[in-house]
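Visitor: If you scroll down you'll find the structure; I have some questions about it.
The values are calculated or read from the model by the stated rules, or taken from the named source; none is laboratory data. What you see is a predicted model; the values in this text were computed from it and never measured. No Cβ is skipped: glycine too gets one built from the backbone with ideal geometry, and neighbour counts run over all protein chains shown. When the accessible area is computed, the model is the full protein with side chains, heavy atoms only, and any ligands, DNA or RNA have been set aside. Shrake-Rupley method; radii C 1.70, N 1.55, O 1.52, S 1.80 Å.
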Amino acid sequence: MDVFFQQLVNAIVLGATYGLVALGYTMVYGIVQLINFAHGEIYMLGGFGALTTYLALPSGTPAGISLPLMLVGGIAVSVTAAVIMERFAYRPLRSAPRLAPLITAIGVSVFLQELVRNFYPHARSARNFPQLVNPDYQIRLGSNVQISAPQLLTVTVALVGMVTLSTFVRRSRTGRAMQATAQDPDTARLMGIDTDRIIVTAFVLGAALAALAGVSSGLQFGQVDFHMGFITGVKAFTAAVLGGIGNISGAVLGGFILGLVEVMATQYAPDPFSGGAWKDAWSFVVLIIVLVFRPTGLLGERVAARA
Amino acid sequence: MHPPRLVRIAAPLLIGALVLSACGSKKESGGSSGNKTLTIGVVAPLSGDLSAVGNGIKNSVDLAIKQANEKKTVKGYTLTMDAQDDTAKADVGATVAAKLVASSGVVGVVGPLNSSVAKSVAPVMAQADLVEISPSNSNVDLTGRGALVTGGTQVRPYKSYFRVVASDDIQGPFAAQFAVKTVMAKTIAIVHDKKAYGQGLAEAFAKEATKDGATVLKTETINPGDKDFSATITKLKAQKPDFLFYGGEYPEASLLTKQLKSAGLKIPLMGGDGVQSDEYTKIAGAAAEGDYATALGAPTDSLASAKQFVTDYAAAKYADPIGPYGAYAYDAANVIIAALAKSTASGSKSGQALRDDVTKAVQDANYDGITGKITFDQFGDTTVKVLTVYQVKSGKFVAAKTDTFK
Amino acid sequence: MSVLEARAVTKRFGGLTAVKDVDLVVNEGEILGLIGPNGAGKTTFFNCLTGMETPTAGDVTYKGAPLPKRPDLITKAGVARTFQNIRLFNNMTALENVIVGRHTRTKAGVFAAVGRGPRYHREERESEQTARDLLTFVGLGRVGDELAKSLPYGDQRRLEIARALATDPGLLLLDEPTAGMNPNETAAAIDLVKGVQARGIAVVLIEHDMRFVFGLCDRVAVLVQGQKLLEGSPSEVQSDDRVIAAYLGKPTEAETAGDKQ
Amino acid sequence: MTSQTIPEARVRSAPDLGVLLTGAGALLLVGSALLPWAGYAGFPGKMTLSGYPGGARLYVLLLALPALALLRPLPGRAAALRAAANVELAVVALTVYFVAYAGGGFVNVGGGVYPAMIGAILYLVGSRRLPTSEAVAEGVALPDASWRFPVESLVVAGTAGLALWLFVIGLGMPSSSIASGSDLTLGPLSINDVANSGQFLAYVITIAGVALVAGRLGLLKSLTIMTGRHPKLFVAAGFIAAAAFPFTQNGSGESLSIAARIGVFAAAAVGLNIVVGLAGLLDLGYIAFFGVGAYFGALVSGSVTSVTGVHLPFALTIVLGGLVSGIFGLLLGAPTLRLRGDYLAIVTLGFGEIFRITVNNLDGSAGPSLTNGPNGVSNIPDLALGSFNFGANHTLFGIDLSFQSNYYWLELLLLAFVMTSFLRLSESRIGRAWVAIREDELAAAATGINTTRLKLLAFALGATLAGAAGTVNAHVVKVAAPDSFTFIESATLLAAIILGGMGTVPGALLGATVLYLLPEKLRFLHDLRLLVFGIALVLIMRFRPEGLVASKRRAREFHDHETDPAAEAVA
């Protein structure tokens, strides 16, 4: 049983990152129906932003100071990139055929990866990320079940991020305007909502959460690299769809389910279809099964129905 | 009348171009004093996930060529490099191979990194009898060794294909013998990255380890590019192994060993030449202490030339690290250069005749490289059966045992 | 003789009953008007007849045989329709829109299309000819090569009718055929519907323009809150107090009914 | 040429300053193209030869040719010449810059540079002073006479030939990145890199310029009319031109290898076009069907690494490969076609990944033994048709042909078949039904279309064509390995048809060309290659969101008020 609970912990940690990144996909999709394939790169930039901040700080800065600053730095870089991306790559394509922005997104994704690879010093292979939170520090949850400090941090950051976001969207004026825009952008515009601003807000919030995920991933694994966004991005997108795209709770749920499927498939899937080599296949099989029975995801989508 | 936009842009461009280019000096015509040029091609992934490893190969070849030009190793010729990005894909590999074959100045090729790419590159090279030396392919089929495993006769599939690394069926068993007989591992966990190199190595290891009497747990797999291996580690931990063999390369291996030890599974990790890299110890830090890796040849750091290579590489300030195959690529390039020196010495040849000669010369090569002595058997495999096991001590790979594989 | 018989058709959405126990018989060659205040369930009833919605209860027969379940099979059986908010294939030409209507009456499959034998060519020619005739019939003979979406509103409604006619229906269901039309266009629409009737096709139409309904229809059925209030000749319906009450009872809706949508 | 050309321009008949300046500029440019531009040896691209317009000088010459229009006051002449002069200035400036930069200073340029610069400026100034008439060039409508057919045929065939010629120039341009060792190295870039990048840029600009000039002179419209009148001839001429390509290669396989790659991916892109362009189903895992074909082809090729040991004749392989792939299309399609737009996209993406993971695992250790896992099925033998071995170099009509020509022709045939199928389908009852579904699924169902069946059909047919292309590709690259079927490959194929213009054959062709040629030609950029590629994708979508070749429908969608050229031709 210990193994099961340990794997559960592993699943929650993995799912937390997926969920956090999935939120960015879901918010942008909910409002502009754009699959922002470059969102994974925003996550990657968050990690590099934090690394840069760390390197800029005088050595010996206590973790209590550098860690919050790194978060701020990571968020700043991700948000800036997302805003620029929205303004110059996506906004001009609002009225273009539906698939054009998809290609733009792929282009932006390639561009950002290569930008980091070529111009960030020594980023061609993975860069070591300061392990400010000691991974050897294990918190015992049971006789043989444990969670390491950085893993706990990842989960905490994710939960705080998710709760903050959902409170923001439900309670704040801007949040309600976002919901309105997602439901019916034309009416929202008539009601005096500045939809451009709302769309930017969605990008900004998504980027900030992705940056949080990027930084906590850096802390957890002790490295960041230029292609870390691709796999996480695809997984997060899957999570968002699994939960019901456009649906904020859905993204979180989707993230955790995806984490659970991957981890449990590694441990329990019948031989020879178990292990890391098959786990992603299992994720997609679960996704396909879910969508066959619930065509708009587990919690249903929250997107304006547009003809 | 306003000038059109293009004029407003183009006119300053024209003027700017002239101003910029005006400050220069008259160039001597003739270029490089009548020297003829020969080119060594490189096929490796220079972009994407594997670009760091691929560029390590490219840079090492570049270094070899620069040094050969300085020393005038190939008299009467200037060597150049033509590096082609295969993007780690077989079909791109076929295209760049055709490109190199078509370029008449190309007389030898180093690469590719991946065995699957090699399988589309080698046929094109063989067609033109253009010599190709891979610094990293270990797949048994490339030299027909696959038939040996199943009990058949070995037939060479690609007549101009060579490699300077050991194939999986040598390195894997060598590592297994060390693990079982020297480290005295009893219960061995095996993990690989499900790539041709990692899987081939891990399977060969498992076979030998079982034969030697160790208990080998069911092989686990991870995905290249993944960072979170906690699920695999939890699964392994429950089976209480005392040794872990990893088939794959250092980026994943270093994360794996770190997470392994954080999770409290404090057993040594052993890998092949894809792990034996300074990057491994750099990323894994203290967690790598006590881990093992094998590599072909006698310990490189005991050779002055190998130390010199590392120094020279650093001095050349390349953007990418040497990587696991840089040293092999450097040797591969030097084998081709030596073959060129031999082939051109007997008189001026060019085109196909030269390519044929170089291929022959490589076949007969007997070269003291930084990874050891290099000679090839009739199938293109290195005949060197000397391998070394390294262990991480105080953050560095140190030779633990050098032996001849039997 | 009846073309369509609907017996006790009921449609519930969760707790809401949109259509309740509606019986309706359409006779061959007649024009039947379906009126009622907004939200009376007229369009839902249409959707139940054409397979867009599955009725919760009740059954429908067309020319004596039970109506199939899927929209395309219903169309194939002979019931065609138009939509309240026009649904054309916007980026196809008017002619192509109508040719698509021939889909169920033609056969060419993949191999015929790639191989292009004489039979294929004959079928294509026939489809195009039929489509051109129908365009002329609805008065759009000159705009066949225009994109559907670039046509004026009234023409789009006609085009939708032409497309429906191309399926060779025995019964045509028109959902607010004059919505958004000016008086001239409405007058022309009367002629068009009569023309359709003259081709031997029965017509059921949902309409808010009472003059149009009472001027055109042979019979009128009134739907209120999902139930059939009454059915009869235009004069009977016109003089029935309950109908007036049903409309006047909710004057605001009755007023907006005409110009909304 | 036509009666429309007479108006006012002729009234001011005195040779005016504009005409003189433009003519003088053009003459200077032509002259300069025959003089050497690089004053030092070692500059590649034949820029040092005199009396021969080598390298970028060819483009300079080409862009001076529109000045011939000065002889007749054609409508649109002034606009065309202005465009030509603008582009000419850009090409001259660019080329001079690159020659001077590579040479280490302006002092090293050759004698041709000076007249070129003066000529370019005169050309520009002169063209700005040309009398402008309001008349916009219309397409030339030839009268219905007995000589019309031969003339039009010649023009149509000539266009196909010209297109090939331009393609040959583009493909044949050296792109190798020879670095190190040479004393001509310029920092990170070699002299070849600099020269090649300059020439490639000049080439791209020139092509755009020629298209611009042709448009201004109404030639494009004429061409549209003529090809519209002789579509079969145009296609045949294009096919012959494409088939003649290997004869221009002097026995080299380099360009053929790229062209063959473009061909096979264009074929797959056309197949994807059925699914996405016609039926409107977004498919992000399409490469899996290509992979099914490739693996099938590899497994029955008689390769020693194939576990089946079966060796089927190739003609049968390609048909069966298509069928097997089509069955996979049905298997995927059946449960998922209810899904709307982007949900379908993620499911197809998932299917693509499942395929890749599965073939990576079916090696006997992590699953049943079938595909050799990550090693793939390799050592695929060369095709042989009777005594004709596809793997050998041949000589035909005294011209050496590399073995890649054989595969190139094979893929050309495949492409021709796929294109014909697509075109015929798209204009048939089935194709119209697909478009109807794309436009409005509910209305399509109400019009009698069995939407589920037709969507399945689209999936299956798209998969079949991809499968056929895959079997061919397996024989060309000699290995079927999992790395070749990643999500990026699907995305690239999708990008090809969106970039080219959805739902059109020329679009898929052009898109595949751009996406597979551009990275090849950008090799001189070394590490910046993908960076520039990413920017290029963003920019193309920014400025032509409807794709490079918009379909007739889409063109009208975007430019509603423009009238149909065919209608004009009749008028």
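Visitor: Out of C:R142, C:R132, report the one residue that is in a loop (DSSP other than H, G, I, E, B) and either away from chain D (no Cβ under 13 Å) or open to solvent by 50 Å² or more (accessible area, probe 1.4 Å) (or both).
Guide: Of the residues listed, the single one that is in a loop (DSSP other than H, G, I, E, B) and either away from chain D (no Cβ under 13 Å) or open to solvent by 50 Å² or more (accessible area, probe 1.4 Å) (or both) is C:R142.
Visitor: Only one of B:T219, B:T182, B:T234, B:T187 is at the interface with chain A (Cβ under 10 Å from one of its Cβ atoms), farther than 30 Å from A:V133 by Cβ and either touching a residue at least 24 places away in the same chain (Cβ under 8 Å) or of a type outside the set (S, T, N, Q) (or both); which?
Guide: Residue meeting the stated conditions: B:T219.
Visitor: With within 14 Å of chain A (Cβ to nearest Cβ) and open to solvent by less than 30 Å² (accessible area, probe 1.4 Å) as the only criterion, which of D:L383, D:L339, D:L414 stands out?
Guide: Residue meeting the stated conditions: D:L339.
Visitor: Continuing with the same structure: Just to verify a result, which residue in segment B:228-254, among those that are at pLDDT 90 or above and in contact with a Phe, Trp or Tyr (Cβ under 6 Å, 6 or more places away or on another chain), is farthest from B:T210 (Cα to Cα)?
Guide: Ranking the candidates gives B:S254 first.
Visitor: Are any residues in segment A:208-227 under 14 Å from the mean Cα position of the chain (by Cα) and open to solvent by less than 10 Å² (accessible area, probe 1.4 Å), and if so, which ones?
Guide: A:A210, A:A211, A:A213, A:G214, A:V215, A:S216, A:S217, A:G218, listed by residue number.
Visitor: Follow-up. Look through A:D184, A:D196 and report the one residue that is out of contact with any helix residue (DSSP H, G or I) (no Cβ under 8 Å at 6 or more places or on another chain) and acidic (D, E).
Guide: From the options A:D184, A:D196, the qualifying one is A:D184.
Visitor: Report, by residue number, each residue of segment D:455-482 that is within 14 Å of chain C (Cβ to nearest Cβ) and either open to solvent by less than 10 Å² (accessible area, probe 1.4 Å) or of a type in the set (D, E, K, R) (or both).
Guide: D:K455, D:A458, D:F459, D:G462, D:A463
Visitor: Shifting gears a bit: Is at least one residue of segment A:152-173 part of a helix (DSSP H, G or I), over 23 Å from A:L69 (Cβ atoms) and more than 21 Å from the chain's Cα centre (by Cα)?
Guide: yes
Visitor: Could you please let me know if A:F226 is closer than 16 Å to A:V13 by Cβ, within 14 Å of chain B (Cβ to nearest Cβ) and either in contact with an Asp or Glu (Cβ under 7 Å, 6 or more places away or on another chain) or not basic (K, R) (or both)?
Guide: Answer is no for this residue.
Visitor: Right, something else. Tell me the residue from D:L528, D:L494 that is assigned to a helix (DSSP H, G or I), at the interface with chain A (Cβ under 10 Å from one of its Cβ atoms) and open to solvent by 30 Å² or more (accessible area, probe 1.4 Å), please.
Guide: Result: D:L528 is the single residue among D:L528, D:L494 that is assigned to a helix (DSSP H, G or I), at the interface with chain A (Cβ under 10 Å from one of its Cβ atoms) and open to solvent by 30 Å² or more (accessible area, probe 1.4 Å).
Visitor: Could you list, in sequence order, all residues of segment B:251-268 that are within 8 Å of chain A (Cβ to nearest Cβ), open to solvent by 10 Å² or more (accessible area, probe 1.4 Å) and in a helix (DSSP H, G or I)?
Guide: B:P251, B:K258, B:Q259, B:K261, B:S262
Quick grid of which residues meet (1) assigned to a helix (DSSP H, G or I); (2) out of contact with any strand residue (DSSP E or B) (no Cβ under 7 Å at 6 or more places or on another chain); (3) farther than 22 Å from B:D356 by Cβ; (4) in the same structural domain as B:E249 (by TED's automatic domain parsing):
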site	(1), (2), (3), (4)
B:N69	yes, no, yes, no
B:K75	no, yes, no, no
B:L79	no, no, no, no
B:D82	no, no, no, no
B:A88	no, yes, yes, no
B:G93	yes, no, yes, no
B:K99	yes, no, no, no
B:L113	no, no, yes, no
B:S116	yes, yes, yes, no
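Visitor: Something else about it: Give me a count of the residues in segment B:72-93 that are over 17 Å from the mean Cα position of the chain (by Cα) and more than 7 Å from chain D (Cβ to nearest Cβ).
Guide: 7
Visitor: Only residues that are more than 11 Å from chain B (Cβ to nearest Cβ) and either open to solvent by 10 Å² or more (accessible area, probe 1.4 Å) or not in a loop (DSSP other than H, G, I, E, B) (or both): list them for segment D:357-372, please.
Guide: If the condition is that a residue be more than 11 Å from chain B (Cβ to nearest Cβ) and either open to solvent by 10 Å² or more (accessible area, probe 1.4 Å) or not in a loop (DSSP other than H, G, I, E, B) (or both), then D:T358, D:V359, D:L362, D:P368, D:S369, D:L370 are the ones that fit.
Visitor: Give me a count of the residues in segment B:307-333 that are within 27 Å of B:V106 (Cα to Cα), more than 14 Å from chain A (Cβ to nearest Cβ) and either more than 17 Å from the chain's Cα centre (by Cα) or open to solvent by less than 20 Å² (accessible area, probe 1.4 Å) (or both).
Guide: Qualifying residue count, segment B:307-333: 9.
Visitor: Go through the residues of segment D:322-330 one by one and say whether even a single one is crowded, with 20+ Cβ neighbours inside 10 Å, within 11 Å of chain A (Cβ to nearest Cβ), more than 29 Å from the chain's Cα centre (by Cα) and in a helix (DSSP H, G or I).
Guide: no
Visitor: Now, a different point. Please find, among C:G109, C:G117, C:G154, C:G101, the residue that is open to solvent by less than 10 Å² (accessible area, probe 1.4 Å) and within 19 Å of D:S426 (Cβ to Cβ).
Guide: That would be C:G101, the only listed residue that is open to solvent by less than 10 Å² (accessible area, probe 1.4 Å) and within 19 Å of D:S426 (Cβ to Cβ).
Visitor: Look through segment A:109-166, keep the residues that are within 14 Å of chain D (Cβ to nearest Cβ) and either among the aromatic types (F, W, Y) or more than 30 Å from B:S47 (Cα to Cα) (or both), and return whichever of them is most open to solvent (accessible area, probe 1.4 Å).
Guide: The qualifying residue most open to solvent (accessible area, probe 1.4 Å) is A:F119.
Visitor: If you don't mind, another one. State which residue is modelled with the highest pLDDT when the search covers only segment C:69-104 and only residues that are more than 11 Å from every other protein chain (Cβ to nearest Cβ) and out of contact with any strand residue (DSSP E or B) (no Cβ under 6 Å at 6 or more places or on another chain).
Guide: In this case the residue turns out to be C:A94.
Visitor: Looking at D:N375, is it at pLDDT 85 or above and open to solvent by less than 60 Å² (accessible area, probe 1.4 Å)?
Guide: When the stated conditions are applied, D:N375 does not pass them.
Visitor: Here is a follow-up. Quick one: D:T420 ticks every box in (1) on the phi > 0 side of the Ramachandran plot; (2) surrounded by fewer than 24 Cβ atoms within 10 Å (Cβ to Cβ) bar one, so which box is it?
Guide: (1)
Visitor: Right, next: Tell me the residue from D:G31, D:G55 that is modelled with pLDDT under 75 and either among the small types (G, A, S) or not in a helix (DSSP H, G or I) (or both), please.
Guide: Residue meeting the stated conditions: D:G55.
Visitor: Taking only pairs six or more apart or across chains, which ones have beta-carbon atoms under 9 Å, a first residue in segment C:225-244 that is free of Cβ contacts under 8 Å to residues at least 40 places away in the same chain, and a second residue that is open to solvent by 90 Å² or more (accessible area, probe 1.4 Å) and of a type in the set (D, E)?
Guide: Between residues of segment C:225-244 that are free of Cβ contacts under 8 Å to residues at least 40 places away in the same chain and residues that are open to solvent by 90 Å² or more (accessible area, probe 1.4 Å) and of a type in the set (D, E), the close pairs are C:L230/C:E236.
Visitor: Determine whether segment C:136-156 contains at least one residue that is out of contact with any Asp or Glu (no Cβ under 6 Å at 6 or more places or on another chain), among the small types (G, A, S) and closer than 12 Å to C:I86 by Cα.
Guide: Checked against the condition, which is being out of contact with any Asp or Glu (no Cβ under 6 Å at 6 or more places or on another chain), among the small types (G, A, S) and closer than 12 Å to C:I86 by Cα, segment C:136-156 yields at least one hit.
Visitor: Something else about it: Output the residues belonging to segment B:123-150 that are outside any loop (DSSP other than H, G, I, E, B), under 19 Å from the mean Cα position of the chain (by Cα) and within 12 Å of chain D (Cβ to nearest Cβ).
Guide: B:M125, B:V140, B:D141, B:L142, B:T143
Visitor: Let me ask something additional. B:E203: more than 12 Å from chain A (Cβ to nearest Cβ), part of a helix (DSSP H, G or I), within 27 Å of B:P112 (Cα to Cα) and modelled with pLDDT of 90 or more, yes or no?
Guide: When the stated conditions are applied, B:E203 passes them.
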